[in-house]
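The values are calculated or read from the model by the stated rules, or taken from the named source; none is laboratory data. Everything quoted here is computed from the prediction, not taken from an experiment. Reconstructed Cβ throughout: ideal geometry from the backbone, glycine too, with neighbour counts over all protein chains shown. The protein model used for the area step is the full one, side chains on, heavy atoms only, and it has no ligands, DNA or RNA in it. Shrake-Rupley method; radii C 1.70, N 1.55, O 1.52, S 1.80 Å.
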Amino acid sequence: MTERVQIVGAGLAGSEAAHALAVRGVPVRLIEMRPRKMTPAHATDRFAELVCSNSLGGEARTNAKGLLQAELRAAGSLIMEAADAARLPAGGALAVDREVFSAYVTAALECNPLVEVVREEVAALPEARPLLLATGPLTSGALAEDLRARLGEPFLSFYDAAAPVVLGESIDLEVCYRAGRYGQDADYINCPMTEEEYRRFHRAIAEARRHTPHDWEQLEFFEGCMPIEELARRGFQTPLFGPLKPVGLLDPRTGAAPFAVVQLRQEDRAGRMWSLVGFQTGLKWGDQKTIVRLIPGLEHAEIVRYGVMHRNTYLNAPRLLNERLELEPLPGVFVAGVLAGVEGYLESAATGWLAAVQAAALARGRTPPGPPPPESMLGGLARFLARANPNDFQPMNANWGLVPAVRGRMPKRERRAQMFERGLEAFSNWLREQDVSRV
Ligand SMILES: Cc1cc2nc3c(=O)[nH]c(=O)nc-3n(C[C@H](O)[C@H](O)[C@H](O)COP(=O)(O)OP(=O)(O)OC[C@H]3O[C@@H](n4cnc5c(N)ncnc54)[C@H](O)[C@@H]3O)c2cc1C
């Protein structure tokens, strides 16, 4: 006997999940609140509506998003099928006609006899199991409140205040040094600045362009999470008493305290990704890159996630989710998409697929297959969600810091190409060995 799976939210994650369940013969109840209740960003009643850009990212076989696309194709993704049907010319990126794209996804699900579509707002967590939550960054207020009440205040965030994250291997450790304040744990990497370097950096921030949020995205900031540009605007000294405070961070090579210090904190267990402490920012991405590269030791930094500050509902995944994307405190409840702590259309669809595969196994009374191998982009993403640093957790997109590096000296392009082929092969083998199409 196969149980029916309920999915809440028919965005990128929920639509992909519904399709993945139906192709495995599992009946689905897909509950979407639009058009009865709209979000501030969606404009239609269609499933998988792309609310902003119409790009699903670069397709090159050296691109991290490209690898996730290839894995989704290998998995039989509806989102990739729709993207191919709606494709527009866009150089090396996978861009789509958004109308054609969401119409394709909507028709595919509405015509599927195994998918029952219900148009209503879910205001409280349904009792049915398996359940898959995919209500996205604009989860309705009633459901968000219910989740907060069940899971606890610190486990659900209502906005991002993310700092840029850089790839560990691109940090110059000849310039930066490990130290903790006053000689305590040396968990941080420190980038020291002279007065002249700090002046240049401060001027660049003051002149940088800010991203303009929609009215409904406007946030009120607490003193504890001011954007770095706001701190810099308050005065030359202000960041020096805040995140760039050099006190207690002596440079072991000189024995002296630098004029200012930017600290980097480890984001993942393997130490492949490092975030700039206290550097939450809403600056335009091009300007963020310029500013980050003005920091000594980060001249060649590869930014794997840019800072953002906007309204966003997401769970503290490492405190709540396991690698099957199941809520540890609520067995049988799977979470996917932005609510699960990923960022991006493609990442949302991919986690929707992964959560659906686990839920399908449960619905049939079988053991869920778990995440794909760590070399695959989806495997890296699922592991990151379950194991990232839970302090100040921020959503993550597909990037090369999520998977182990290929060792040996070679040009960056060659290394990426090898990581791409290795990841796709590992993912395809896993699909076959676990017989994932029939879980
Ligand atoms: C304004 C904005 C712009 C963005 N721009 C981009 C971009 O350019 N590129 C990019 O890659 N990512 C972007 N994102 C981030 C994110 O990748 C997308 O929002 C993506 O659609 C997330 O997929 P999802 O399935 O998690 O959520 P969504 O696609 O938003 O789907 C969630 C669905 O759940 C429904 N829902 C919510 N609450 C309930 C409820 N209580 N009951 C029933 N249904 C409910 C919603 O109506 C919605 O259809 C943006 C996000 C926002 C908010």
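Sorting 95-104, 193-202 by their mean Cβ neighbour count within 10 Å, with the most densely packed peptide first, gives 95-104, 193-202. The tail of the calculated P(r) for the stretch 385-439, taken as Cα-Cα distances beyond 17 Å, holds 56 percent of the pairs.
Charges were assigned to the Cβ only: +1 to each Lys and Arg, -1 to each Asp and Glu. The resulting dipole of the stretch 127-201 about its Cα centre is roughly 260 debye.
Rounded, prolate or oblate: which one fits the stretch 90-166, using the alpha carbon gyration tensor with axes a ≥ b ≥ c (rounded when a/c is under 1.5, else prolate when a/b beats b/c, else oblate)? It comes out oblate by the Cα gyration axes. Reported to the nearest whole Å, the Cα centre-to-centre distance from the stretch 154-177 to the stretch 10-66 is 28.
Quick note on the stretch 261-320: its Rg to Rh ratio, both from C-alpha atoms and Rh being the Kirkwood radius, is 0.98. Overall, the accessible surface of the stretch 6-128 at a probe of 1.4 angstrom is composed of carbon and sulfur to the extent of 54 percent. Once you have a ≥ b ≥ c as the square roots of the Cα gyration tensor eigenvalues for the stretch 1-77, tell me rounded if a/c is under 1.5, and otherwise prolate or oblate according to whether a/b is larger than b/c. Oblate. Most tightly packed first, judged by the mean number of other beta-carbon atoms within 10 Å of their residues, the peptides 164-174, 68-78 read 68-78, 164-174. Rounded to the nearest 20, the size of the Cβ-charge dipole of the chain about its Cα centre is 600 debye, with Lys and Arg at +1 and Asp and Glu at -1.
Electrostatic bookkeeping for Pro35 treats Lys and Arg as +1 and Asp and Glu as -1; over the other residues with beta carbon under 10 Å from its beta carbon, the sum is +3. DSSP beta bridges fully contained in the stretch 1-138 are about 25 percent antiparallel.
By accessible area, using a 1.4 Å probe on protein heavy atoms only, the stretch 326-439 has 48% of its surface on carbon and sulfur. Comparing Leu378, Gly401, Met419 along the charge dipole axis of the stretch 371-423, the residue lying farthest to the positive side is Met419, per the Cβ-charge model. Entry note, the chain: relative contact order of 22 percent, from Cα contacts under 8 Å with a spacing of 6+ residues. With respect to the chain, whose longest principal axis is taken over its alpha-carbon atoms, helix 345-363 is tilted by about 50°. Measuring max minus min along each principal axis, the C-alpha atoms of the chain give extents of 70, 47, 44 Å (largest first). Each distinct pair of alpha carbons in the stretch 299-439 adds a 1/r term; the inverse of their mean, the Kirkwood radius, is 15.9 Å. Candidate cross-link partners of Lys289 among the aspartates and glutamates, defined by an alpha-carbon separation under 20 Å and a same-chain spacing of 8 or more, comprise Asp160, Glu169, Asp172, Glu196, Glu197, Glu207, Glu229, Glu230, Glu267, Glu299, Glu302, Glu343. Normalised by 2.2 N^0.38 Å, where N is the number of residues, the C-alpha radius of gyration of the stretch 184-289 stands at 1.16. Think of the chain as a dipole: +1 on every Lys or Arg Cβ, -1 on every Asp or Glu Cβ, centred on the Cα centre; then among Leu244, Tyr314, Tyr177, Tyr177 lies furthest on the positive end.
Summing charges over neighbours of Ala82, with a neighbour being any other residue whose Cβ is under 14 Å away from its Cβ, gives -3 when K and R count +1 and D and E count -1.
I need the shape label for the stretch 119-163. Rule: rounded when a/c is under 1.5, else prolate if a/b > b/c, else oblate, with a, b, c from the alpha carbon gyration tensor. It is prolate, given that a/c is not under 1.5 and a/b is the larger ratio. The convex hull of the Cα atoms of the stretch 41-143, projected and averaged over all directions, covers 7.9 nm².
For the chain, the longest principal axis of the alpha carbon atoms and the long axis of helix 64-74 meet at an angle near 10°.
What does DSSP give for the chain in terms of the percent of beta bridges that are antiparallel, rounded to the nearest 5? DSSP beta bridges in the chain are roughly 60 percent antiparallel. For the chain, the solvent-accessible area with a 1.4 angstrom probe is 41 square angstrom per residue. Per-residue Karplus couplings for the stretch 255-272, computed as 6.51 cos²θ - 1.76 cosθ + 1.60 with θ equal to phi - 60°, are listed in order as x, 10, 7, x, 5, 8, 9, 9, 9, 10, 10, 5, 9, 10, 4, 7, x, 8 Hz, Gly and Pro entered as x.
Rg ratio for the stretch 313-354: its Cα radius of gyration over 2.2 N^0.38 Å, N being its residue count, equals 1.04.
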